[in-house]
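S.K.: Input: one structure, supplied below.
The numbers here are math on the coordinates, done by the rules we state, and not lab data. Values in this document were obtained by computation on a predicted structure and should not be read as measured data. Cβ placement follows ideal geometry from the backbone for every residue including glycine, while neighbour counts extend to all protein chains displayed.
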Amino acid sequence: MFKQLGFLAVLALGASSLYAQEGMPVKLGVKIGVPVTDMFSASNTSLFNGNLPGSTFSSTVPRYEVGASAEFRLPYKLRLEVDGLYKRGGFSGFAPYGAGLPNANIRSTFNQWEIPALFKYNLALGHYRPFVDAGPTMRHISGISQSAFTSVPFESFSSNTLALHNRNSFGAVAGFGITFKRGPFELTPEARYTRWANEAFQTNGLRTNLDQGDVLLGISF
């Protein structure tokens, strides 16, 4: 995770140097936040076919998200913000195989990367600057790890999962927030809504939510 974040920081620094040479200021910062929606819609159904007992999937809301950001000043009070955000996701399931086969507890984890590019419009109200933003975003799934534990006992591990439907997805983001100064930093609390075009994971009883909500805090230097 830290290698990828370091790479994003180097890219942002390079962009900052380029824009500074052209007289276009840029702000660098970090993002921390909390997702407020579950990554998945889960239900009880058959993982295999209608002749076998149903499987039960469950998932939890990721506990945090972190990333780096770069904001570029544009004409007409517009700004362009490009973020690189990281989340650790996962899901688990219980699959009763039937036909004399052992039951299996399946657990999958993965890294989710999001790169939104948002156009922001600011309103100046003294020391506070409310804003709205919107733009496209991309999602990439990496680092998949799946383990299966059965009642025999037996366990197996895999670097992939059959539930993976789209490793790369695109979507649209809209949000609102406010920017204000605290000492040498600018703080930007924000709420965002993302609508994805397709599911990253999809199988019987489990699919990625197309609607996503996040609460973020930006810290700019």
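S.K.: Would you be so kind as to identify which of 189, 178, 204 lies farthest towards the positive end of the dipole of region 155-221, taking Lys and Arg as +1 and Asp and Glu as -1 on Cβ and the Cα centre as origin?
M.R.: 178
S.K.: Taking R0 as 22 Å, what FRET efficiency do you get between residue 121 and residue 187 from their Cβ-Cβ distance, rounded to the nearest 0.05?
M.R.: Calculated value: 0.70.
S.K.: What length, rounded to one decimal in nm, is gained on full extension from residue 162 through to residue 211, with 0.36 nm per residue of separation minus their alpha-carbon distance? All intermediate terms of the calculation are to be shown ahead of the outcome.
M.R.: On the way: separation 49, 0.36 × 49 = 17.64 nm, distance 2.24 nm.
This chain segment gains 15.4 nm when fully extended.
S.K.: While we're on this one: Within the set of other residues whose C-beta is less than 15 Å from the C-beta of residue 200, count the net charge using Lys and Arg as +1 and Asp and Glu as -1. Numbers along the way, then the final one.
M.R.: Values: positive: 87, 88, 139, 167, 195, 207; negative: 38, 114, 199, 211.
For residues surrounding residue 200, the net value is +2.
S.K.: Shifting gears a bit: Full-extension gain between residue 36 and residue 134, please, as 0.36 nm times their residue separation minus the C-alpha to C-alpha distance. Display every interim value, and only then the final one.
M.R.: Numbers: separation 98, 0.36 × 98 = 35.28 nm, distance 1.87 nm.
Difference between extended and current length: 33.4 nm.
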